[in-house]
Each structure stands twice: as structure tokens, then as C-alpha cells.
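To start, the structure under review is shown below, and the notes come after it.
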Amino acid sequence: MSIVDLIKKNRKMKHYLIRLTIALMSLGKGEAFAAPVQDAPGPSVKSTFIEKWNNAVKKAAEATGTESKERDYGEPRKVSRGGQPEIILQKDKIIYNGQILELGKTAAQWDAILPGERRCDRPAKPSACAWDELGIMIVFAHKLPTRIKDVTVYLRLPEVEVDDGVKLMSVTGAPFPAFDRFYPKSAFPGYLEIDGYGIDRNIMFWEVLKKADSKRNIHCGLRDCIVPGGIFGRQSLIYFDLDKPVMTGMINNINITYRALD
């Protein structure tokens, strides 16, 4: 049953979606878009936009019976620290071997920290670059093309689809150029950690969900776990790409994006 059918059949869903719309409209009347702060807010602090959104979505899910209840999968695996290099995701910091990598900076500033040569998708005005031996890729902001907007750490490389010989044509009849997906040539070889919990290519999403700081509000969608995400910092979000869209999916890569450059 589609979400449209659910809305038609369920008056409660209509009610909560109307409330969600009103919350969104209130932004146009001067309410600020702010992510939750790292410290727990006091009782007098106003609910932020993200809190209102999450509450409305949760209530809509409860009203339609699509709420994803937490299951007990057992105890999360433990990944021992010691692999090199190491990337530590702590609060709103990305720490590579003890040095902080900051989104919003230039690639040259990251070159001073990350070893090896950076490879880009095109020599003049690149949109993305990768450190192939580290499994790290960066993407530049559209409006500020010298500034890094997001970073992705690959634990698993994407599967390349076999060319089936089908050529996509434009409305004029001319074939589109071949789409060349850009990503690192190898996965991250070291130790990766978020909020004190070690992650490797065999960790399942539910394990990270159980161990990550609850203030990040990491969650799946209403109906599945396609690219679940949450809050990384006051101006950044974190996303997880899974090998299958369920809680037991393993993590292909972790992406952190800097909203201030949107």
C-alpha cells in the first residue's frame, strides 16, 4: 500500500501531516533552521526544526503502523583499535591520525594532512577528488568550487554494473556520453571509529545505531533503511550507505556533508 493510500485511509495520518506542514511553513515567518546542539538542551530551550520534523514523522509512522520498532539483535561486535591509519569521528570532528580534517576547507589543506597523491575527476575545476589508497573521497561545493562540501569513507567499494550494450539517447537522437562513476580505487585500510565504537566492513547498521551517541538521532526512513542518517554537528549531517536497505545491512560507506555550503 502506498503512502498516498495510507493517508486517504487514515485520518490520524492526515492530522499529523497537517501539523508537519504547519511546522515547515513557520520557517517562512522567521523561525531559524538549527540542528540540535551537542549538549542536552534545557527544558526552556525551544524545539528546533529538526526536532519538530522528527516528532511529526514519528507520530505519522505510529498513526499508520509503519513505525520501525527497535529489535534485540544481541550484542554488537567489537572491533579492536590498532589498525593504521585511523579515522575517529567524535562529536563534530573528523580526526585523521590525531589531526582534524575540516569540511569547508580547501583540498590543499587536506593534502597537508592526508598522505599520498590526490586524484580528481578532471584536471581543471574538479568536482570530486579521491585518495585512492585511503578509500577517501571529497566533493566540492557547487557555489564555492574550491571548498570541500562533503567527505565519504569507503569500507566497501561500489559494484560496477556490467555494460549491457544499451545506449541511452537524448531527445535529439544523439547518444549520451558514457557515465564514469568516480570513487576511490581501494577501500579504507585502517581503523574507523564513531563515538568510541569501532567499525569495519562487516559491522551491521543496527550495531552502529545501538552504539552511536543518541544525540545524533541516527534513524532509518519510515518504510526502509535506504541511506539512513542523522546529525554529525551543528552544521553537518552523517549518512550511511548500506549493502541492503534493512537494519542488518552492512555499511558500504559513511558520508559527512557540510550544510553551510549548500
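The simple Förster model, with R0 at 22 Å and r as the Cβ-Cβ distance, assigns Asn217 and Ile95 a FRET efficiency of 0.50. Counted by neighbouring Cβ atoms within 10 Å, the residues Val227, Val208 run from fewest to most as Val227, Val208.
When peptides 217-223, 197-203, 115-121 are sorted by average Cβ neighbour count within 10 Å, with the highest value leading, the order is 197-203, 217-223, 115-121.
In the structure shown, the pairs Lys93/Lys210; Lys105/Lys215; Lys105/Lys125; Lys185/Lys211; Lys105/Lys143; Lys105/Lys211 are assessed against 24 Å; a Cα-Cα span above that value is assigned to Lys105/Lys215; Lys185/Lys211; Lys105/Lys211.
Values quoted throughout were computed directly from the atomic coordinates according to the rules given, and no laboratory measurement underlies them. What you are looking at is a predicted structure, and each value in this text was computed from that prediction instead of being measured. Glycine gets a Cβ as well: all are built from the backbone with ideal geometry, and neighbour counts include every protein chain shown.
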